[in-house]
Amino acid sequence: MDEISNSDEINNLETKRPFQIEGEAAKEMETKRPFQIEGEAAKEMETKRPFQIESEAAKEMETKRPFQIESKAETAYGGTKRPFQIESKAAKNIEMMRMEIAKEFTGQGMLVRNALITLIAQGHLLVEGVPGLGKTLLVRCIAKAIGGSCARVQFTPDLMPSDITGNIMLEGQTLQFITKKGPVFNNIFIADEINRAPAKTQAALFEAMQEYQVSLDGLSHPLPRPFMVLATENPFEHEGTYPLPDAQKDRFLLKVIADYPAFDEELAMVQRVVSKEGGGAELSVDMVRQVMSLEEFYCLQKLSTQIMVAPPIIDYAVRLVSASRNNAALQCGAGPRGSLALIRAARALALLEGRDFVIPDDIKSLAIPALSHRLTLSAESELEGLNADRIIEKIIAKTEAPRT
């Protein structure tokens, strides 16, 4: 009997593996892998990857690429684009500013656009056109819309530099020298018929236009910001005029040809003006209201410098300017300021149209106003009746633009 019982024990040992645990615990361990966690936590871990963040930020990160900027101007070139529109206070203020100007200034849409572009880009504007097209009225409307000041000086052959910049004078009662600032110390300065003043007087604006300051008696006086010079030229009366030197023309960001208004625009302007009290005897800007402060507009100028310009756009602008230097129809092409002017003006135009990026069409539309006054035609071109605008159009047609 003892032998039988011993054999039974041996059989039992043969059929079981060492350390087998019987019962429910053993069955449970057979079906699960080591360290399995049961319950809702286990199910959640099975369906999620490690360290998944259960939050709105995590869900947003799943749908966006890292560091994505929600400016609606992702990749202008080499990638997919979605519609861009700057929904900001800046874009709304610009639109309100245009509406306020239109209350008193009718027509001349290109002149208004380029004046705003120049002011936003912190540049200066040269306007060529006959008298009476409303240039002074436009400047007064712009100045009032931004809460700024403006001054107008009629340039004449006997105008002195101190008549523009100011001078140092002796005060009669205190017997002390005081600084009397000239009309250039305004936000917008109108140099009417600038080519009627001699070169010495024209040169008085060099420092103001480039360095935004005026030196009087050895001291530098900063000009108010924003600051813009709007100079005008009469294209027909050249007797007794002094052509602007190339160095000064190069300091103007844009040059605009102001033409006569269309019939409908002139009719609407006359009807509106004669219906006012006074019958149009004075330039009134009473209907224009201020839409932003000078500080806000200065911030708007800074904002324009942050508009995205893709490398192909910069390359396109430089190629256009470089092509003007190797053109047989030109004696002298545009300098590096021409390339900078194109980019600066294109940024301002993009902001004006509610975009935060520059497109090739911006460069094309601004090529003539940004470059025409920087070119010198050859004698052959003048004999053939060519002008700078037509030559720039040919350069644009021959220069390949980047694809969007």
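For segment 87-304, the relative contact order is 34 percent, taking Cα pairs closer than 8 Å that sit 6 or more residues apart in sequence and dividing their mean separation by the residue count.
Quick check on my link table: of Lys255/Lys364; Lys180/Lys249; Lys181/Lys302; Lys144/Lys302, which ones sit more than 25 Å apart, alpha carbon to alpha carbon? From Lys255/Lys364; Lys180/Lys249; Lys181/Lys302; Lys144/Lys302, over 25 Å: Lys180/Lys249; Lys181/Lys302. Highest mean packing first, where packing is the average number of other Cβ atoms within 10 Å per residue, the peptides 340-353, 134-147 line up as 340-353, 134-147. Backbone geometry of segment 360-367 corresponds, through the Karplus equation with coefficients 6.51, -1.76 and 1.60 at θ = phi - 60°, to 3J(HN,Hα) couplings of x, 5, 5, 5, 4, 5, 9, 4 Hz, x marking Gly and Pro.
The stretch between Lys249 and Asn387 holds 48.0 nm of extra length on full extension. This uses 0.36 nm per residue minus the Cα-Cα distance.
Each Cα pair of segment 307-404 feeds into the Kirkwood radius, which the Stokes-Einstein equation turns, at 4 °C and 1.567 mPa s, into a diffusion coefficient of 95 µm²/s. Of the GluC sites (Glu not before Pro) found in segment 235-325, the ones in coil according to DSSP and having at most 15 other Cβ atoms within 10 Å of their Cβ are Glu237, Glu239, Glu277, Glu282.
If you take the Cα centroid of segment 141-172 and the Cα centroid of segment 285-331, the two points sit 27 Å apart.
The Cα atoms of segment 87-304 give a gyration tensor whose axes a ≥ b ≥ c have a/c of 1.5 or more with a/b greater than b/c, which makes the shape prolate.
Farthest toward the dipole's positive end in segment 87-304, which of Cys141, Ala91, Leu219, given Cβ charges of +1 (Lys, Arg) and -1 (Asp, Glu) about the Cα centre? The residue sitting most towards the positive pole is Ala91.
No lab work stands behind these numbers, since they all come straight from the coordinates. Predicted, not measured: the structure shown is a model, and the values here were computed from it. Don't worry about glycine lacking a Cβ; one is built from the backbone with ideal geometry, like all the others, and counts go over all protein chains shown.
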